[in-house]
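What follows is a single structure, written as structure tokens, with notes after it.
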Amino acid sequence: MPTPFPGMDPYLERPALWPDMHNRLIVALADDLAPRLRPRYVIAVEERAYSYEGGALTFAGRPDLTVTRLNEPAVRYQATARPRGAGVAVVELPVPDLARETFLEIRGRDDRVVTVLEILSPANKVPGEGRELYERKRRRVLGSLTNLVEIDLLRGGQPMAMSGDGQPAHYRILVSRGHARPWADLYYFGVRDPIPDFPLPLQAGEEEPPVALDDLLHALYDRAGYDLRIDYRGEPEPPLDAEDASWAAALLRQAGLRS
């Protein structure tokens, strides 16, 4: 079943759904671009991990290699003598939660990164360590000749810094070409709009293939069965403003998803 919304479905922004949608959309973008860019470029799906401890967000890093020793003999421990009168209690330990974010790198055959494609996550849009770490990476990319495509499909949180972004919008796609900085193209759109196509920048002077993100997202919605996981009788997270909420309610009633 397709999404009832013409572009971004605001119900996909729900925290319980977002990580799955984010990772699936990254892979869908990679699968769409890889055959169109070969043999000059390859697409790499990269990952970074954040660890949450006591409500604080810290960067855990991405392991490059894990070495596991096989056939290690089991270590046997002698039970400690139990003191007389001792009891047993179930306790909870502060185990950090890990959140992983995926992103794309378009690389030349010499393995040089030509373009970085990011889909922003909630941790990138709220004050704290997660945003600071992403902003640090963003500054490194913007200070180089590497192209940056930054896709923001989240209405919540603070948009990334840029000058001239005076248009109110729910969603944004930034296309920053390394050779054209500090200027960049910002595609902005609302919940009522289809997601606009955008060009994928490669090396200067090369043809930029269009990316039909709206088509990719809608195909993914159907393929992943998100209609089975979304209750359209409630409100999205975060909620829409009054005017857009009224529009969305009428759309959902027309689609038979709300009475």
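The values are calculated or read from the model by the stated rules, or taken from the named source; none is laboratory data. Everything quoted here is computed from the prediction, not taken from an experiment. Backbone-built Cβ (ideal geometry, glycine too); neighbour counts: all protein chains shown.
Could you check the range 2-20 and list, in sequence order, the residues that are at pLDDT 95 or above and of a type outside the set (D, E, K, R)? Explain how you work it out, then say what you get.
As a first pass, look at the range 2-20 and keep what is at pLDDT 95 or above: 3-13.
The answer is 3, 4, 5, 6, 7, 8, 10, 11, 12.
Of all the residues in the range 203-223, those that are surrounded by 11 or more Cβ atoms within 10 Å (Cβ to Cβ), of a type in the set (D, E, K, R) and in a helix (DSSP H, G or I) number 3. Within the range 172-181, one or more residues are more than 17 Å from residue 118 (Cα to Cα) and not basic (Lys, Arg).
Residues of the range 224-244 being part of a helix (DSSP H, G or I) and either surrounded by 15 or more Cβ atoms within 10 Å (Cβ to Cβ) or not hydrophobic (A, V, I, L, M, F, W, C) (or both), which ones?
Within the range 224-244, 224, 226, 227, 243, 244 meet the criteria.
Filtered by the rule that a residue be crowded, with 17+ Cβ neighbours inside 10 Å and in a loop (DSSP other than H, G, I, E, B), the range 15-26 gives a lone residue, 17.
Restricting attention to the range 170-179, does a residue exist that is at pLDDT 95 or above, over 20 Å from residue 13 (Cα atoms) and assigned to a loop (DSSP other than H, G, I, E, B)? Yes; the residues of the range 170-179 include at least one that is at pLDDT 95 or above, over 20 Å from residue 13 (Cα atoms) and assigned to a loop (DSSP other than H, G, I, E, B).
For residue 165, are the conditions met, namely being surrounded by fewer than 17 Cβ atoms within 10 Å (Cβ to Cβ), at pLDDT 95 or above and either on the phi < 0 side of the Ramachandran plot or small (Gly, Ala, Ser) (or both)?
Working: surrounded by fewer than 17 Cβ atoms within 10 Å (Cβ to Cβ): yes; at pLDDT 95 or above: no; either on the phi < 0 side of the Ramachandran plot or small (Gly, Ala, Ser) (or both): yes.
So residue 165 does not fit the description; no.
Among residues of the range 120-162 being surrounded by 16 or more Cβ atoms within 10 Å (Cβ to Cβ) and basic (Lys, Arg), the one that is farthest from residue 107 (Cα to Cα) is 155.
Restricting attention to the range 101-145, the residues being in a helix (DSSP H, G or I), in contact with a Lys or Arg (Cβ under 7 Å, 6 or more places away or on another chain) and over 17 Å from residue 156 (Cα atoms) number 1.
When you look at residue 187, is it touching a Pro at 6+ places or on another chain (Cβ under 6 Å) and within 25 Å of residue 124 (Cα to Cα), yes or no? In short, yes.
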